[in-house]
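What follows is a short report on a single structure.
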Amino acid sequence: MKKITLFIVVLLLTGSAQAQTFKLPPFQKFKLKNGLTIYLMEQHEVPLINVSAVFDAGAVQDGNRYGLGNMTADALLFGSAKYTKAQLEEKVEYVGASLDTYADKETAKLTASFAVKDADLLFGIIQDVLTKPTFDQTEFNKYKQRQLLQLTQQKESPRNVINSYFNKFLFEGHPYANPVTGTPTAVSAITAADARQFYQKNYTTDRAAIAVVGDFDTAAMKKRMTDLFGSWKTAAATSPLLTEPTVAFDKSRVLLVNKDDARETTFLIGGKGITQNNPDFIPVTVVNTILGGRFTSWLNDALRVNSGLTYGAGSRFGTLRKSGTFAISTFTKVSTTTEAIDMAVQVLDSLHRTGIDEKTLTSAKNYVKADFPPRYESASELASLLTDMFSLGFDESFINNFQKNVDGITVAKTRQIIDQYFPKNNLQFVLIGKADTIRDKVKKYGTITEKEIKADGF
């Protein structure tokens, strides 16, 4: 899934002295009569145009047909009113452009990048793909067989699927529990007609945005976008807006996923996180950098550098519009499962017990501001940022005030952040490993629920 997590936006502002004072370049935002939101940002450094389109059509809209949003997004490129799938691929490739679609937990996106000289061709293709997809049945059936094979293969690697188990464990009963790529049983039953119906219901202009960033004149591009999409008629969105999930636990729990041939135990430890637009997003980012967000973090020092229990350990906040998750993640030999889990829990506990001193805080603030490589210097990254602002509910003030807000974090503020956002009690554990070997050892962490990794779904 392609979301802005707690460190990605940070990357926008770092990498050089100039980046530290970064301000989002000026852009225009307007809405067409059909409700479609348009962002336009001129960037004249190179003769390229980048497009990002976002729709409220992610996995949260799947219902119990898991994978339908993801399959629908992919199927947009299986043919349109003017072009077959092969013709789309040939025309895009011939001019050296890129055109991709995908879905994540909350949204579906189309992204494109092309030379200014090819704008007429590519904008025509984008309009045709977005407004008149055919959902070709033959292409869809071939694609579905590939998806089913991938769903089987992905469970060979616990690191590929543990987040899906974790989300299901934390968000049980809420659409955030839906696995983006689906399950074999659900995907097997999905047809091209289902994808077409999902498209008609969820690709609606009143919950969508298109960002265009690149070498163009804003007035001329505004006319182009109005001509291309102003007459696009869709039904009004009927899917209810997401509610905030209840993510609160009265006890520690363990989900033990058995993989008979596992030589390692892969695990996540965590609980509730924060939303993308939480006012404490930045101080949470800084504190998490110390705990597990960089190579010299406390978790990596303890589990990799000092003990050699793993090749890497960290922590992260995964943010969504209505909720989020916090997780410590790593893997270790089966024989050192509890040793690694105990150490990870001890590091989290030390964050609560000792807090952060001024020297450590200063180091983390400097790291967040300066040591990440820039991620939003290109037009394609800026286009994606604009549609993320639309879908995740934050605005340019977050970016423009980033440097000031990082500098303003105090030791006292970190104490409040730790107490409020970093879980301490009733932790949730998800482990993938050889259950017969570790079952008795891990029951000390909480009430155990067991699953087989070969079983359908998560």
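In table form, for the structure just shown:
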| read-out | value |
| --- | --- |
| Some residue of region 355-371 being of a type outside the set (S, T, N, Q), surrounded by fewer than 16 Cβ atoms within 10 Å (Cβ to Cβ), at pLDDT below 95 and on the phi < 0 side of the Ramachandran plot | yes |
| Among the residues listed as Thr191, Thr152, Thr226, Thr185, the single one being more than 30 Å from Ile274 (Cα to Cα), of a type outside the set (Asp, Glu) and touching an Asp or Glu at 6+ places or on another chain (Cβ under 7 Å) | Thr185 |
| Only one of Ser323, Ser335 that is surrounded by fewer than 24 Cβ atoms within 10 Å (Cβ to Cβ) and touching a His at 6+ places or on another chain (Cβ under 9 Å) | Ser323 |
| Candidate set: region 125-143, residues that are part of a helix (DSSP H, G or I) and open to solvent by less than 20 Å² (accessible area, probe 1.4 Å); chosen: the one nearest to Ala195 (Cα to Cα) | Phe140 |
| Every residue from region 87-129 that is within 30 Å of Phe171 (Cβ to Cβ) and of a type in the set (A, V, I, L, M, F, W, C) | Ala103, Ala108, Leu110 |
| Enumeration of residues in region 315-339 that are in a strand (DSSP E or B), touching a Phe, Trp or Tyr at 6+ places or on another chain (Cβ under 9 Å) and not aliphatic (A, V, I, L, M) | Ser315, Arg316, Phe317, Gly318, Thr319, Gly324, Thr325, Phe326, Ser329, Thr330, Phe331, Thr332 |
| Residue list for region 239-277, restricted to those being assigned to a loop (DSSP other than H, G, I, E, B) and open to solvent by less than 30 Å² (accessible area, probe 1.4 Å) | Ser239, Pro245, Val247, Lys259, Ala262, Gly273, Ile274, Gln276 |
| In region 109-124, the residues that are without any contact (Cβ under 8 Å) to a residue 60 or more places away in the chain, among the hydrophobic types (A, V, I, L, M, F, W, C) and assigned to a helix (DSSP H, G or I) | Leu121 |
| Residue that is least open to solvent (accessible area, probe 1.4 Å) [pool: residues in region 404-450 that are part of a helix (DSSP H, G or I) and modelled with pLDDT under 95] | Val406 |
| Residues of region 153-166 satisfying the condition of being part of a helix (DSSP H, G or I) and open to solvent by 90 Å² or more (accessible area, probe 1.4 Å) | Gln153, Arg159, Asn160 |
| Filtered residues of region 193-212 (kept if out of contact with any Pro (no Cβ under 7 Å at 6 or more places or on another chain), part of a helix (DSSP H, G or I) and crowded, with 21+ Cβ neighbours inside 10 Å) | Ala195, Phe198, Asn202, Thr205, Arg207 |
| Single residue of region 288-308 satisfying the filter (out of contact with any Leu (no Cβ under 8 Å at 6 or more places or on another chain) and assigned to a helix (DSSP H, G or I)) that is surrounded by the most Cβ atoms within 10 Å (Cβ to Cβ) | Thr289 |
| Among (1) among the aromatic types (Phe, Trp, Tyr); (2) open to solvent by less than 30 Å² (accessible area, probe 1.4 Å); (3) not in a strand (DSSP E or B) - the single one Phe390 does not satisfy | (2) |
| Inter-residue pairs, beta-carbon under 8 Å, first farther than 22 Å from Leu130 by Cα and in region 233-245, second among the small types (Gly, Ala, Ser) and surrounded by 15 or more Cβ atoms within 10 Å (Cβ to Cβ), 6+ apart | Glu244/Ser323; Pro245/Ser323 |
| Glu106 of a type in the set (Asp, Glu) and open to solvent by 50 Å² or more (accessible area, probe 1.4 Å) | no |
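The values are calculated or read from the model by the stated rules, or taken from the named source; none is laboratory data. Keep in mind the model is a prediction, meaning the values are calculated, not measured. Positions of Cβ are generated from backbone atoms using ideal geometry, with glycine treated the same way; all protein chains shown enter the neighbour counts. Calculation scope for accessible area: heavy atoms of the full protein, side chains included, ligands and nucleic acids excluded. Shrake-Rupley method; radii C 1.70, N 1.55, O 1.52, S 1.80 Å.
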